[in-house]
Each structure stands twice: as structure tokens, then as C-alpha cells.
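Participant: Attaching a single structure in C-alpha cells format; questions to follow.
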Amino acid sequence: MSASPPILEVRNLKKHFSSRKSMFGGEATVKAVDGVSLSVMPRESVAVVGESGCGKTTLGKLVLALEKPTEGQVFFDGRDMAGMTAGAVRKLRTDMQVIFQDPYSSLDPRMSVEAVITEPWIIHGMHKDPATRARKLAKLLDDCGIAKTHLARRPHEFSGGQRQRVGIARALALDPRLVVADEPVSALDVSIQAQILNLLKDLQKERALAYLFISHDFSVVRHLCARVAVMYLGRIVETADCESLFNDPQHPYTEALLSAVPVPDPSVEKRRKRILLCGDVPSPLKPPSGCRFHPRCRYMKESCRLDDPAPTQARPGHFAACPILPFKEKRSDAALVAL
């Protein structure tokens, strides 16, 4: 996989929004995404993880060209999307699709399941032959676990898990190569989450899909993804393969997040020490100087207020943006137990 060029490459991507400071005027800049670089290889699943408000969803919109970047580049299959015409981007929609967080609000309540799934074909002028359309539709229904008898139903007649299956079928209707999944299981019950995650894994294998998986749940990410990018206040602070990140995090923020993930074994959970972060996430209107995590970091040094760290390679394929790496000798091993 490493010999192939990435299907998606993001370079120094930024998205800043103008915001009024007060009712009396004046403007401020919200730095939702502020210098993000990452790549996704063909057939690979990469997770973007972080707290609410860190810029994960905005990053997904930038990748899909639903938002225009303030600065930086997005390359899909080696092509710079910034230089594309609207028509070229429209054609590119067949290669990249999205699965939304809430299937109820993302599905038109007036449309039947059949209309929802086949609408992309109508928009892009595909599968006009009735026999071909019927064959493709039957395959999609079978792959996504949707009964043929449900084609005439509306979204409100389904449970949350069934609605998400319809959303997944709609995303796969155009046979994309990249799917951006924005918290696709966070609105579902735990038992249904497992079913949808297994479905996504099976579909990835069968259809050779690449996933950019946006989530805040590390247990979900570990089940589905090969690599993880941890995001904080508009920036990627750590990237690594799943096992390396879970077993030996190299950034204090990642360490704190992992300490909060519950472990089902009570004896193991009892030995773990929860790392409580002080304070709230700083405002993206005025991010801290130096390392953006330093106001909440228990290892903070004076240099952390000044140095804006670039990602440093801790080991092959494992990068962290921490000015005091390595910090391992300062932390308590009881804080992390293999999940």
C-alpha cells in the first residue's frame, strides 16, 4: 500500500471564518482548521479524532469541496481540487461520497428508500437502462442489509440503524473510491453501532473503499481504522497506526483522551488512573501562543508557551507535535493500560 500514491492528500489546509466580536461591530477570525496535513492511501481507513469543536467536520467538508479552503491544497488522486472547474468537481462526486452523522435529518422525509438510493444515478445520468438499474439496486440492498420489501417506505418508518443503512447505500450508489464518514454511528445504540461498523468493514473489503472516518470515540476507531490522526483546536497533534497510538501515545493530549476510554474488565479499570484535563478548550477565535495544548498540559514547561511545535517523528510512521518530546519518563504508567 505504501508504494501506491495516496488517493487523498491534504497539505497545510486552513479554513478561517470571520465572526463578529460583538453587537457593536468588529470582526474576529475563527481558525476552525489551521494547517492540517494528512493523507489517505487507497483501501485505507484513517480516523480523525478529537473533542467537539476541534475542526473535524470542517476538515471533512473541505475534503469534499463543500467548503473552500482559506489556504492550502486538497489533492484527490493526484489532482488539485482548487484548480478544478465546477463541472470537474461535479464529476469527481462519483469518486467521493459522505455518510452523515444523523441519518434522519440527512434523508428527505418525503422520498421513499428507492428514490433516495437511485437519486444519485438520476443526477449523474447513470444506469438509465431499467434492467441495469434494477440489478444495481438489488445488489446495493443486499450489500447493505436492506430488505427489498422496504423500498416504498419513508425514512420515518425505520429505526436509526436501518436509516443509517439507507444512508450508506446512498453513499455507495455511485461506486465511490473514498467515503468520508462523519460520526456515522454516534447517534446509534451500542449494539447497533457494532452492526454498522461490521457492515462498513465488509463493504470496504468488498468494494476496495478508502475511509476518512471522523469520530470522537476511540473504541470505534480501533475497531475500524488502520491509522489515527488526533486533532486539537484546528491542528493535527499526533498521527500513528492504531496499535502504536493506543499502546504508546506520544502527545499528552492523546494520553489524556485514551485514559478516559472505559475498559470492560473491572480489575483492569481499577488499576487505571484517569488523567483530568484542567480548564476548557481555548477559543479558536484566539488560540494560545506556542503549543496550543499548553494551558491544559500537566507536563507544561515555559518553552511550551513560546515554541509552536511541528510534528516530530517519534518512531517510523508515528508523529507528534509536542515541544517536550519525549515526555514518557514523566508520566505514570498506571494512566495507560492496553485497551
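Participant: Can you give the net charge of the other residues whose Cβ lies under 14 Å from the Cβ of ASP280, counting K and R as +1 and D and E as -1?
Facilitator: It works out to a net charge of +2.
Participant: Note down, for region 159-315, the three equivalent ellipsoid semi-axes (square root of 5 times each alpha carbon gyration tensor eigenvalue), biggest first, whole angstrom.
Facilitator: 32, 19, 15
Participant: Calculate for the chain the 222 nm mean residue ellipticity that helices alone would give, adding -39,500 (n - 2.57) per DSSP H run of length 4 or more and normalising by residue count, nearest 500 deg cm²/dmol. Don't jump to the answer; show the numbers that get you there.
Facilitator: Details: 11 runs with 103 residues, N = 339.
Rounded to the nearest 500, the figure is -8500 deg cm²/dmol.
Participant: Also, quick follow-up: Could you give me the percent of Cα pairs per 5 Å distance bin for region 227-313, shortest bin first, beginning at zero and ending with the bin that holds the maximum distance?
Facilitator: 3, 13, 21, 24, 19, 12, 5, 3, 0
Participant: Please compute, over every Cα-Cα pair in region 1-108, the percentage with a separation greater than 16 angstrom.
Facilitator: Here the long-distance tail beyond 16 Å is 65 percent of all Cα pairs in region 1-108.
Participant: Find out how many positive minus negative residues lie around THR85, taking Lys and Arg as positive, Asp and Glu as negative, among other residues whose Cβ is under 15 Å from that of THR85.
Facilitator: Values: positive: LYS68, ARG79, ARG90, LYS91, ARG93; negative: ASP80.
Summing Lys/Arg as +1 and Asp/Glu as -1 gives +4.
Participant: Say we join alpha carbon atoms closer than 10 Å with springs in a Gaussian network model of the chain; which of THR254, THR70, THR58 then has the biggest fluctuation?
Facilitator: Highest fluctuation among the options: THR70.
Participant: Could you give the nm distance between label points at SER52 and ARG79, where each point is 7 Å from its Cα heading toward the beta carbon?
Facilitator: Spacing of the two 7 Å Cα→Cβ label points: 3.8 nm.
Participant: May I ask you to order 218-227, 166-175 by the average number of other C-beta atoms within 10 Å around their residues, highest value first?
Facilitator: 166-175, 218-227
Participant: Which peptide among 179-192, 120-133 comes first, and what is the full order, when sorted by highest mean count of other Cβ atoms within 10 Å?
Facilitator: 179-192, 120-133
Participant: Now for a separate question. Which percentage, to the nearest 5, of the DSSP beta bridges contained in the chain is antiparallel?
Facilitator: Among the beta bridges of the chain, antiparallel pairing accounts for roughly 60 percent.
Throughout, read-outs are computed from the coordinates displayed, never taken from laboratory work. As the structure is a prediction and not an experimental result, all values here were calculated from the model. Don't worry about glycine lacking a Cβ; one is built from the backbone with ideal geometry, like all the others, and counts go over all protein chains shown.
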